[in-house]
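Worksheet: the structure to be examined is printed underneath.
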Amino acid sequence: MVDQILDTIIPQDEALGLPSAARINFDAYCAQYGIQDLVARYGNLVELTAEAKLGKPFRHLDADERFAIITATSAKNFRLYSSFVIHVMRAYYTHKQVLSQIGSGAVPPFPTGNIIDQGDWDLLEPVYERGPIYRAIEDFS
Amino acid sequence: MSDIADILIVGSGASGAAAAWSLAHVPGVKVVCLEQGAATLPEHYPSIAADWELRRQDSYNPSPNVRRLPADYPIDDSSSPIAIANYNAVGGSTILYSGHFPRFHPSDFRTKSLDGVGDDWPLSYAELLPFFKQNEGMMGVAGLVGDTANPDYDNLLPPVPLGPVGRRIGDAFNKLGWHWWPSYSAINTHKHQGRAPCVNLGPCNTGCPQGAKASVDRTYWPAAKAMGVALMPHARVSHITLDAAGRASGALYIDADGREHHVTARMVVLACNGIGTPRLLLNSKCPAFPNGLANDTGLVGKNLMLHPLGFVEGVFEEDLHSSLGPHGCCLLSQQFYETDRDRGFVRGYTMQVLRGAPAVETATAGLLRRQISIGKNHHRDFGRVFNRTAGIAIITEDLPETHNSVELDPTTRDSNGLPGVKIRYTLSENSRKMLKHGIETGRQVFEAAGGKVISAVSPVRHTGWHLMGTVRMGDKADNSVVNRHGQTHSVKNLFVVDSSIFVTAGAVNPVATAQALTLYICDHIKRNLSTLL
Ligand SMILES: Cc1cc2nc3c(=O)[nH]c(=O)nc-3n(C[C@H](O)[C@H](O)[C@H](O)COP(=O)(O)OP(=O)(O)OC[C@H]3O[C@@H](n4cnc5c(N)ncnc54)[C@H](O)[C@@H]3O)c2cc1C
Ligand code: SF4
């Protein structure tokens, strides 16, 4: 069920080459940050909300219904909802494939780094032409 | 290691490192530096890994209260709208700093004469000028000469690239007819002093594994150690000791195993930063100084200045690759630096343009601000923000006020049982007006650039990284702690060389000026060594 929740929060986008959040090894992230309990509590909230609102288990819902249930959990327990979603964002946007696809430069940043064009310093001409703007003071020669 | 030094330096950060290098030039004088933190390993810095945005949040977090490493001491900043940021390690806070490196202006040393506020410094910009230059040579500073807001630069490395986002904002300043200039950046853009050039990783605030950013563990320390300075990490100084004649005789320190030692010294130089230095002085109580060493006037720990910071963030329609490149070094504007009373406040501020937020920060902030949704529109929303943002930090000059202070906090203890500190700070009316003005001008810049402002905050809480004024300098012993040479008025062989001796704060990041001041003081010490030792 966690995979279905993840897939609802961040679905795959084929055109952009971006995976669903269910395909980024969220389990490993959970183990690293020790959030298995939070994930279980949020899963429980989702299940209870699905049963209460639609009378069906979450896994039997269609995509629109799942989205509606995830959204509804935010009204029921905003703190739990936002903690979970923020963890999903943290896991997703540190995944190598995701970072490469969104244009975040070299992944990891070091050692490859990035090239940035130097630019055209003629842009400073108007600043230069207006002349000094610092205050001259007596003991400064 | 011998427990006898001629000169003992406490703290190995921006100022301690510069002092060590300068004083190492005296033949036959043994210089020892005690540092409470460890030496960092660049191969462990967060940006070596894809999840660097997460790794930066614990042991490289700028807040000591989050890191809680053995070298950190507790700082209770709950009575301040601005929380303190630092790093306690070999290299001090320069391990995490951005390397934005502008100098104070000539007028910053004369606020009383020019504007009737603060105090004049007992020295001038002109006296510091040779030391600004010497320091910039050692650190390696990139930028462009000819700046109309800053006189006297004659030798800089090529500027850090503006990139598309910098050009866009520079152009906006031009439309408004306002000053801007490429940042003065303590970042190698060419190989310099044996260090590699910057490769535009972005997260300089997590440590630079490339060695391009001039953190002092890469600049001053290798040179100082090569000249014989003994640098001792994991050595936390608890107390400066005095001899029977009232001269500093050395320091007690605690090593990594919790054992206490005494280093005997003929001169003691403090460089523990604007919080650590008053903490050590206040901890060093003795019968001659029951309120803390050199604290006969009660001024140790007073007049804390923090540069209250405003932040305006904007987003553009185009992808400007804005998350790439040194985050804090792009361009600056000093259009509103010098006093203009028509603005309703005295003194002024720098606008420091920051590059865009990285991916996790973009996603989580966007989610909380409801700019980025979950579900099928998530990728669309994220793509409309990521790599399209920039920020403008408004660095304001706060004035010295005695009620803004650092004091010992008997309710907290560091890993060696020494008291932590309590910060008390309130924003003055002048600072509030300045921040309001800065937020408004920041908005105008984004408007002129064709961007949309997505957030504007002041003061930003977690930005207390410029720590100044708490051991102030002055000619008169009744309203200052040290004289124009950093020498405490009451203990002749005790010197303070970090930004705690600043009389006023200027409106720029302090390290360029603090290190110039350190070199100026050390030059005086070297010239007068025979009478001082
Ligand atoms: C995230 C961040 C970004 C910044 N960006 C910039 C910037 O772009 N430009 C700029 O100019 N400034 C910047 N700063 C501020 C700058 O880093 C500091 O002003 C500067 O490093 C202060 O130098 P210092 O020598 O006074 O203290 P520090 O560099 O903080 O060094 C003090 C050292 O003393 C040690 N120490 C303290 N007490 C004891 C003791 N009792 N015994 C032994 N050792 C002790 C500490 O462990 C520490 O290593 C930034 C700071 C941070 C945290
Ligand atoms: S952007 Fe440059 S200075 Fe900053 S961390 Fe990367 S290589 Fe170092």
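Output the residues belonging to segment B:176-212 that are of a type in the set (Ser, Thr, Tyr) and either open to solvent by 10 Å² or more (accessible area, probe 1.4 Å) or under 29 Å from residue A:127 (Cβ atoms) (or both).
Within segment B:176-212, B:183, B:184, B:185, B:189 meet the criteria.
Given the condition more than 16 Å from ligand 1 (Cβ to nearest atom), surrounded by 22 or more Cβ atoms within 10 Å (Cβ to Cβ), part of a loop (DSSP other than H, G, I, E, B) and at pLDDT 95 or above, answer yes or no: does some residue in segment B:213-233 qualify?
Going residue by residue through segment B:213-233, those that are more than 16 Å from ligand 1 (Cβ to nearest atom) are B:222-223, B:226-228.
Next, only the ones that are surrounded by 22 or more Cβ atoms within 10 Å (Cβ to Cβ) stay: none.
Looking for residues that are more than 16 Å from ligand 1 (Cβ to nearest atom), surrounded by 22 or more Cβ atoms within 10 Å (Cβ to Cβ), part of a loop (DSSP other than H, G, I, E, B) and at pLDDT 95 or above, one finds none in segment B:213-233, hence no.
Test of understanding: among B:43, B:53, which residue is more than 30 Å from residue B:121 (Cα to Cα), within 16 Å of ligand 2 (Cβ to nearest atom) and surrounded by fewer than 17 Cβ atoms within 10 Å (Cβ to Cβ)? Steps first, answer last, please.
Numbers: B:53 fails: surrounded by fewer than 17 Cβ atoms within 10 Å (Cβ to Cβ).
The unique qualifying residue is B:43.
Looking at segment B:409-454 only, could you name the residues that are open to solvent by less than 50 Å² (accessible area, probe 1.4 Å) and free of Cβ contacts under 8 Å to residues at least 40 places away in the same chain?
Of everything in segment B:409-454, those that are open to solvent by less than 50 Å² (accessible area, probe 1.4 Å) and free of Cβ contacts under 8 Å to residues at least 40 places away in the same chain turn out to be B:417, B:428.
Which one of the conditions (1) of a type outside the set (Lys, Arg); (2) modelled with pLDDT of 95 or more; (3) surrounded by fewer than 17 Cβ atoms within 10 Å (Cβ to Cβ); (4) assigned to a loop (DSSP other than H, G, I, E, B) does residue B:155 fail to meet, given that it meets all the rest?
(2)
State the number of residues belonging to segment B:348-369 that are more than 11 Å from every other protein chain (Cβ to nearest Cβ) and either of a type in the set (D, E, K, R) or more than 23 Å from residue A:86 (Cβ to Cβ) (or both).
Number of matching residues: 6.
For residue B:98, state whether it is among the small types (Gly, Ala, Ser), surrounded by 21 or more Cβ atoms within 10 Å (Cβ to Cβ), more than 13 Å from ligand 1 (Cβ to nearest atom) and away from chain A (no Cβ under 14 Å). Give the steps one after another, and end with the answer.
Details: among the small types (Gly, Ala, Ser): yes; surrounded by 21 or more Cβ atoms within 10 Å (Cβ to Cβ): yes; more than 13 Å from ligand 1 (Cβ to nearest atom): no; away from chain A (no Cβ under 14 Å): yes.
Against the criterion (among the small types (Gly, Ala, Ser), surrounded by 21 or more Cβ atoms within 10 Å (Cβ to Cβ), more than 13 Å from ligand 1 (Cβ to nearest atom) and away from chain A (no Cβ under 14 Å)), residue B:98 does not qualify.
I'm trying to understand the selection: among the residues of segment B:257-281, which are in contact (Cβ under 8 Å) with a residue 24 or more places away in the chain and open to solvent by 20 Å² or more (accessible area, probe 1.4 Å)? Let's see the steps before the verdict.
Let us first name the residues in segment B:257-281 that are in contact (Cβ under 8 Å) with a residue 24 or more places away in the chain, namely B:258, B:261-281.
Of everything in segment B:257-281, those that are in contact (Cβ under 8 Å) with a residue 24 or more places away in the chain and open to solvent by 20 Å² or more (accessible area, probe 1.4 Å) turn out to be B:258, B:261, B:262, B:264, B:266, B:272, B:273.
Of the numbered conditions (1) touching a Ser or Thr at 6+ places or on another chain (Cβ under 9 Å); (2) surrounded by 13 or more Cβ atoms within 10 Å (Cβ to Cβ), residue A:17 satisfies every one except a single condition; which is it?
(2)
In segment B:488-533, what residues are among the polar types (S, T, N, Q), in a helix (DSSP H, G or I) and more than 10 Å from ligand 1 (Cβ to nearest atom)? Talk me through it step by step, then tell me what you get.
Residues of segment B:488-533 that are among the polar types (S, T, N, Q), as a first pass: B:488, B:490, B:493, B:499-500, B:504, B:509, B:513, B:515, B:518, B:528, B:530-531.
Cutting the leftovers down to in a helix (DSSP H, G or I) gives us B:499-500, B:513, B:515, B:518, B:530-531.
Selection gives B:530, B:531.
Restricting to segment B:386-401, name every residue that is more than 21 Å from residue B:434 (Cα to Cα) and open to solvent by 20 Å² or more (accessible area, probe 1.4 Å).
B:388
When you scan segment B:276-329, how many residues do you find that are within 12 Å of ligand 1 (Cβ to nearest atom) and on the phi < 0 side of the Ramachandran plot? Don't jump to the end; show me each part of the working.
To start, the set of residues in segment B:276-329 that are within 12 Å of ligand 1 (Cβ to nearest atom) comprises B:276-284, B:305-307, B:309, B:326-329.
Still in the running and on the phi < 0 side of the Ramachandran plot: B:276-284, B:305-306, B:309, B:326-329.
Qualifying residue count for the region: 16.
Taking the criterion of being in a loop (DSSP other than H, G, I, E, B), within 11 Å of chain A (Cβ to nearest Cβ), buried (at least 21 other Cβ atoms within 10 Å of the Cβ) and more than 16 Å from ligand 2 (Cβ to nearest atom), would at least one residue in segment B:140-151 satisfy it?
So far as segment B:140-151 goes, yes, one or more of its residues are in a loop (DSSP other than H, G, I, E, B), within 11 Å of chain A (Cβ to nearest Cβ), buried (at least 21 other Cβ atoms within 10 Å of the Cβ) and more than 16 Å from ligand 2 (Cβ to nearest atom).
Those residues that are in a helix (DSSP H, G or I) and at the interface with chain A (Cβ under 10 Å from one of its Cβ atoms), I need them from segment B:116-139; list them, please.
B:125, B:126, B:127, B:129
If the Cβ limit is 7 Å and pairs must be 6+ apart or interchain, which residue in segment B:39-57 that is facing another protein chain (nearest Cβ under 8 Å) and at negative phi pairs with which residue that is surrounded by fewer than 19 Cβ atoms within 10 Å (Cβ to Cβ) and assigned to a helix (DSSP H, G or I)?
Here the result reads B:50/A:96; B:53/B:361, each pair linking segment B:39-57 to a residue that is surrounded by fewer than 19 Cβ atoms within 10 Å (Cβ to Cβ) and assigned to a helix (DSSP H, G or I).
Return the residue satisfying two criteria in turn: it lies in segment A:66-106 and is touching a Lys or Arg at 6+ places or on another chain (Cβ under 8 Å) and farther than 18 Å from residue A:35 by Cβ, and of such residues it is most open to solvent (accessible area, probe 1.4 Å). Spell out the reasoning first.
Let us first name the residues in segment A:66-106 that are touching a Lys or Arg at 6+ places or on another chain (Cβ under 8 Å), namely A:67-69, A:72, A:80.
From what's left, farther than 18 Å from residue A:35 by Cβ: A:67-69, A:72.
Working: A:67: 80, A:68: 54, A:69: 3, A:72: 19 Å².
Filtering segment A:66-106 for residues that are touching a Lys or Arg at 6+ places or on another chain (Cβ under 8 Å) and farther than 18 Å from residue A:35 by Cβ, the one most open to solvent (accessible area, probe 1.4 Å) comes out as A:67.
Where residues in segment B:165-175 are open to solvent by 40 Å² or more (accessible area, probe 1.4 Å) and more than 8 Å from chain A (Cβ to nearest Cβ), which of them is farthest from residue A:120 (Cα to Cα)?
Within segment B:165-175, the first condition is being open to solvent by 40 Å² or more (accessible area, probe 1.4 Å), and the residues that meet it are B:167-168, B:171, B:175.
Right, trim to more than 8 Å from chain A (Cβ to nearest Cβ) and you get B:168, B:175.
On the way: B:168: 12, B:175: 17 Å.
So, considering only residues that are open to solvent by 40 Å² or more (accessible area, probe 1.4 Å) and more than 8 Å from chain A (Cβ to nearest Cβ), the one farthest from residue A:120 (Cα to Cα) is B:175.
Restricting attention to segment B:176-206, report how many residues are more than 7 Å from every other protein chain (Cβ to nearest Cβ) and either away from ligand 1 (no atom under 16 Å from the Cβ) or polar (S, T, N, Q) (or both).
Matching residues across segment B:176-206 total 17.
Taking the conditions exactly as written (open to solvent by less than 60 Å² (accessible area, probe 1.4 Å), on the phi > 0 side of the Ramachandran plot, modelled with pLDDT of 95 or more and over 17 Å from the mean Cα position of the chain (by Cα)), does residue A:34 satisfy them or not?
Judged against the criteria, residue A:34 is a match.
Looking at segment B:61-79, can you tell me whether even one residue there is surrounded by fewer than 21 Cβ atoms within 10 Å (Cβ to Cβ), within 14 Å of chain A (Cβ to nearest Cβ) and not aromatic (Phe, Trp, Tyr)?
Within segment B:61-79, none of the residues are surrounded by fewer than 21 Cβ atoms within 10 Å (Cβ to Cβ), within 14 Å of chain A (Cβ to nearest Cβ) and not aromatic (Phe, Trp, Tyr).
In segment B:370-398, which residues are of a type in the set (A, V, I, L, M, F, W, C) and facing chain A (nearest Cβ under 7 Å)? Write out each step before concluding.
Going through segment B:370-398, the residues of a type in the set (A, V, I, L, M, F, W, C) turn out to be B:372, B:374, B:382, B:385-386, B:390, B:392-395.
Answer for segment B:370-398, where residues must be of a type in the set (A, V, I, L, M, F, W, C) and facing chain A (nearest Cβ under 7 Å): B:374, B:386.
Of the residues B:457, B:406, only one is crowded, with 16+ Cβ neighbours inside 10 Å and of a type in the set (A, V, I, L, M, F, W, C); which?
Numbers: B:457 fails: crowded, with 16+ Cβ neighbours inside 10 Å.
Only one candidate qualifies: B:406.
Quick one: residue B:381 ticks every box in (1) buried (at least 22 other Cβ atoms within 10 Å of the Cβ); (2) more than 16 Å from ligand 1 (Cβ to nearest atom) bar one, so which box is it?
(1)
The values are calculated or read from the model by the stated rules, or taken from the named source; none is laboratory data. Quick caveat, the model's predicted, so the values are computed rather than measured. Note that each Cβ is placed from the backbone with ideal geometry, even for glycine, and that neighbours are counted across all protein chains shown. These accessible areas exclude ligands, DNA and RNA; they are computed on the full protein's heavy atoms, side chains included. Shrake-Rupley method; radii C 1.70, N 1.55, O 1.52, S 1.80 Å.
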